[in-house]
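The values are calculated or read from the model by the stated rules, or taken from the named source; none is laboratory data. Every value quoted in this text rests on a predicted model; they were computed, and no experiment measured them. Glycine also receives a Cβ, built like all others from the backbone with ideal geometry; neighbour counts cover every protein chain displayed. Ligands, DNA and RNA are excluded from the accessible area calculation, which covers all protein heavy atoms including side chains. Shrake-Rupley method; radii C 1.70, N 1.55, O 1.52, S 1.80 Å.
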Amino acid sequence: MAEAKKLFIKTYGCQMNVYDSERMAEALGASGYQVTGMPEDADMILLNTCHIREKAAEKVYSELGRFKPLKAANPDLKIGVAGCVAQAEGAEIMRRQPLVDLVVGPQTYHRLPAMEAAVRAGARAVDTEFPEEDKFEHLPKGPRAKRAPAAFLTVQEGCDKFCAFCVVPYTRGAEVSRPVARLLAEAQGLVERGVREITLLGQNVNAYHGGGPEGGTWGLARLIRELAQLEGLERIRYTTSHPNDMEDDLIAAHGDEPRLMPYLHLPVQSGSDRILKAMNRKHTAEDYLRLIERLRAARPDLLLSGDFIVGFPGETDQDFEDTLALVREVGYGQAYSFKYSARPGTPAAERKGVDDAVASERLQRLQALLGQQQRAAQDAMVGRVVHVLFEKPGRIAGQMVGKSDYLHAVHVTDPRILRGDIRVVRITESGPNSLGGVLV
Ligand code: SAH
Ligand code: SF4
Ligand code: F3S
């Protein structure tokens, strides 16, 4: 048998890209590739890129530059760019960086094997179409090897919301939901390979409306309830959600579906109604706060996470104060905050931006507040009893690291713990980035 070719994939951006990288590795696996962690060994390097902020996109070009010596050392090395920068910039990437052999968008990676064959034959290949066929149906079935205990499953992709700052509707295309039967089969396959927790992914996952097995469409809550029946699947999460798609049955599921974990990432972006309007978010700060109230009524211990943008065009000091006020009112367990980055092709990119120094100062203040809240939420876990799904060995001998129901990293040193175990743990300490505990 010929020696397997080696594939090195580097993934940027959101969890959807993490999922896609796994699928691309499976697709190329059928062409004889094995994944390596070392770019020096690779016959093919793929960068799965993110276009969400300017810095993210620029990173791709500097990373590509660094592969130059590798290509000089190994003329057979092929370099590909996948993901959202590939979608947004297409063939431009090849012009800017001649060492790139292949550019593949997020909707065509099932065509990678054919593209790989073409570049092996000396061609350069670009495919950033939004094809009619469903890429998921055209992917080879992966090896039946054992999987890590926590896995992602893409259920919905794309976005029709068109927030004024965001590239996702352009890079990922219109909202598409995968059919229920396919997802149940894929989830079943994951469970058979050792998966105990599935995070359902979508750019707007709670807008999920997939075709049901007996006709009609299912919403996300119904899908979650069905998945919760799968024997061996202990935990379900979903991300990312939009406040306007948080329907009654989904809120209810947080209260009555024990396998749905008490953690929710629900971005609001700003606490100012003026800015929310300018962002085309189609909800007010008050709408969001009332929604949080309803969620907490269903599940009082729900840990909330959010995304924020500061320095959006037109943001005044008062608008920013409104954001701080909303954050104080909600009390986040976890959050991501960003300085606004103008993205070519989006409506907000045409508008006059906020002074950069002002935006930086706002970001610092917001991050200080969010940091305090995150710290407080983590410290409040000390003394509590949680469930932990153990995923991998820790740094100390005999130590295992996993995630609590609330998605906190937890480490426990106890030789009885095996990878994939879900154990009851009493939290005894709160460190810089993780909790420590003992088995109960
Ligand atoms: N679909 C998700 C998030 C997608 S992008 C949602 O609707 O919430 C992830 C986060 O990146 C966004 O929530 C937003 O906070 C941030 N983001 C998106 N575009 C940005 C931009 N142009 N500048 C700065 N941050 C941005
Ligand atoms: Fe982007 Fe808005 Fe769609 Fe989220 S909802 S992906 S922020 S356009
Ligand atoms: Fe980035 Fe594309 Fe995800 S732009 S955040 S990788 S959808």
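So if we plug the beta-carbon distance of Glu63 and Thr316 into 1/(1 + (r/R0)^6) with R0 = 30 Å, what FRET efficiency do we get, rounded to 0.05? Rounded to the nearest 0.05, the efficiency is 0.20. These residues, Arg395, Arg299, Arg365, go from largest to smallest accessible area, 1.4 Å probe, as Arg395, Arg365, Arg299.
What is the dipole size for region 1-85, taken about its Cα centre, with +1 at each Lys and Arg Cβ and -1 at each Asp and Glu Cβ, in debye to the nearest 20?
Numbers: 11 positive and 11 negative charges, 54 e Å.
The calculation lands at about 260 debye.
Suppose R0 equals 41 Å. What FRET efficiency, 1/(1 + (r/R0)^6) with r the Cβ-Cβ distance, do Arg95 and Arg193 give to the nearest 0.05? Please list the in-between numbers first.
Numbers: r = 42 Å, r/R0 = 1.02.
FRET efficiency, Arg95 to Arg193: 0.45.
Could you tell me which of rounded, prolate or oblate describes region 5-127, using a ≥ b ≥ c as the square roots of the eigenvalues of the alpha-carbon gyration tensor, with rounded for a/c under 1.5 and, failing that, prolate when a/b is larger than b/c and oblate otherwise? Rounded, because the longest to shortest axis ratio a/c is under 1.5. Could you pull out every Cys in the chain that lacks a partner Cys with its beta carbon under 4.7 Å away? Unpaired cysteines in the chain: Cys14, Cys50, Cys84, Cys159.
Taking the DSSP beta bridges in region 385-439 as the whole, what percent of them are antiparallel, to the nearest 5?
On the way: 20 of 22 bridges.
Taking every DSSP beta bridge with both residues in region 385-439, the antiparallel ones total about 90 percent.
Round to a whole number: what % of the accessible area of the chain belongs to carbon and sulfur, probe 1.4 Å? Before the final figure, lay out the partial values.
Working: 10100 of 19370 Å².
The nonpolar share, carbon plus sulfur, comes to 52 percent.
Under the simplified labelling scheme, the Glu247-Glu3 pair shows an inter-label distance of 5.4 nm, with each label point 7 Å from Cα along Cα→Cβ. Average accessible surface for the chain: 44 Å² per residue, computed with a 1.4 Å probe over protein heavy atoms with every protein chain in place.
With the cut-off at 1.5 for a/c, could you classify region 82-132 from its C-alpha gyration tensor as rounded, prolate or oblate? Write down the numbers at each step before the final one.
On the way: a/c = 2.36, a/b = 1.06, b/c = 2.23.
Cα axes put region 82-132 in the oblate bin.
Quick check on the chain: of the DSSP beta bridges with both residues there, what percent are antiparallel, nearest 5%?
Working: 25 of 68 bridges.
The answer is about 35 percent antiparallel.
Taking square-rooted eigenvalues a ≥ b ≥ c of the alpha carbon gyration tensor, is region 385-439 rounded, prolate or oblate, where a/c under 1.5 means rounded and, failing that, a/b exceeding b/c means prolate? Could the numbers behind the result be given before it?
Details: a/c = 1.42, a/b = 1.15, b/c = 1.24.
Judged from the Cα gyration tensor, region 385-439 comes out rounded (a/c under 1.5).
Potential lengthening of the chain between Leu184 and Asp160 amounts to 6.1 nm, from the contour at 0.36 nm per residue minus the alpha-carbon distance. 3J(HN,Hα) along region 160-173, derived from phi through the Karplus expression 6.51 cos²θ - 1.76 cosθ + 1.60 where θ = phi - 60°, amounts to 10, 7, 6, 4, 5, 9, 10, 8, 4, x, 8, 7, 9, x Hz, with x in place of Gly and Pro.
With both labels modelled 7 Å from their Cα along Cα-to-Cβ, the Asp41 to Ala368 distance reads 4.7 nm. Residues whose amide H falls under 5 Å from that of Leu303, counting only those 5 or more places apart or on a different chain, are Tyr263, Leu264, with hydrogens built in the peptide plane.
Taken about its Cα centre, the chain carries a charge dipole of about 1060 debye when Lys and Arg each add +1 at the Cβ and Asp and Glu each add -1 at the Cβ. In straight-distance terms, cross-link reach from Lys59 covers every one of the lysines whose alpha-carbon lies under 23 Å from its own, apart from those fewer than eight places away in the same chain; here that gives Lys10, Lys68, Lys71, Lys78, Lys339. Excluding same-chain neighbours fewer than eight residues apart, the aspartates and glutamates reachable from Lys6 by a Cα-Cα span under 20 Å are Asp20, Glu22, Glu26, Glu40, Asp41, Asp43, Glu63, Asp76, Asp101, Glu116.
A Förster distance of 22 Å, applied to the separation of the beta-carbon atoms of Arg395 and Arg375, puts the FRET efficiency at 0.50. Computed from label points 7 Å out along Cα-Cβ, the spacing between Lys277 and Val382 is 4.6 nm.
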